[in-house]
Amino acid sequence: MLKQINVVGAVIIKDGLILCAQRGPQSSLPGLWEFPGGKIDAAETPREALVREIREELHADIEVGDEVTSTTHQYAFGEITLTTFYCELHSGGLTLTEHEAVKWLSPSDLENLEWAPADVPAVRSIMSRFAAQ
């Protein structure tokens with residue numbers, strides 16, 4: 001039986017652009033792009049976990065908004081359930097502690113990156129939402 005891992009991701013929007021983060025070379029799925037975030041601890045809600053993870057990973061504060069999507073993907077190392085939320089950046093200079101790089105992209109340009117498979121449904125949902133506006 002695969003290990004079940006519950007994680008959260010932040011779809012941080014600033015000036016109409018979305019923050020995309022490239023996984024570091026020492027991480028699983030190195031070089032792939034994702035929405036920053038991480039594992040939900042036992043005593044946390046998904047929103048609490050996301051605020052904590054963004055503080056740890058990017059040294060930034062966010063306000064968590066509406067859920068984008070929740071999807072499950074099987075990897076060799078376990079089954080990931082990723083819940084993504086739209087977020088607003090409040091403070092912080094985006095200091096990279098785990099990621100190789102970040103980019104701010106328009107929703108229509110998100111498909112130009114090679115995303116971690118669990119993040120792909122959120123990318124599609126975001127592109128759909130903003131294409132309709």
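Taking region 5-25 as the range and being in contact with a Pro (Cβ under 9 Å, 6 or more places away or on another chain) and outside any strand (DSSP E or B) as the test, the residues that pass are GLY16, GLY24.
Taken as a whole, the condition of being surrounded by 13 or more Cβ atoms within 10 Å (Cβ to Cβ), at pLDDT below 95 and not charged (D, E, K, R) applies to LEU29. Looking only at region 30-62, residues that are in a strand (DSSP E or B) and among the hydroxyl-bearing types (Ser, Thr, Tyr) come to 0 in all.
Pairs linking a residue in region 6-24 that is at negative phi to a residue that is among the polar types (S, T, N, Q) and outside any strand (DSSP E or B), with Cβ atoms under 8 Å and 6 or more positions apart or on different chains, are LEU17/SER106; ILE18/SER106.
Within region 66-88, identify whether any single residue is surrounded by fewer than 16 Cβ atoms within 10 Å (Cβ to Cβ), touching a residue at least 40 places away in the same chain (Cβ under 8 Å), part of a strand (DSSP E or B) and among the acidic types (Asp, Glu), and answer yes or no. So far as region 66-88 goes, yes, one or more of its residues are surrounded by fewer than 16 Cβ atoms within 10 Å (Cβ to Cβ), touching a residue at least 40 places away in the same chain (Cβ under 8 Å), part of a strand (DSSP E or B) and among the acidic types (Asp, Glu).
Does ILE12 count as of a type in the set (A, V, I, L, M, F, W, C), over 18 Å from VAL123 (Cβ atoms) and at pLDDT 95 or above? So ILE12 does not fit the description; no. On the stretch given as region 89-122, residues that are closer than 21 Å to GLU56 by Cβ and either touching a residue at least 60 places away in the same chain (Cβ under 8 Å) or surrounded by 14 or more Cβ atoms within 10 Å (Cβ to Cβ) (or both) total 14.
The values are calculated or read from the model by the stated rules, or taken from the named source; none is laboratory data. Just so it is clear, the structure is predicted and the values come from calculations on it, not from any experiment. All Cβ positions, glycine included, derive from the backbone under ideal geometry; neighbour counts span all protein chains shown.
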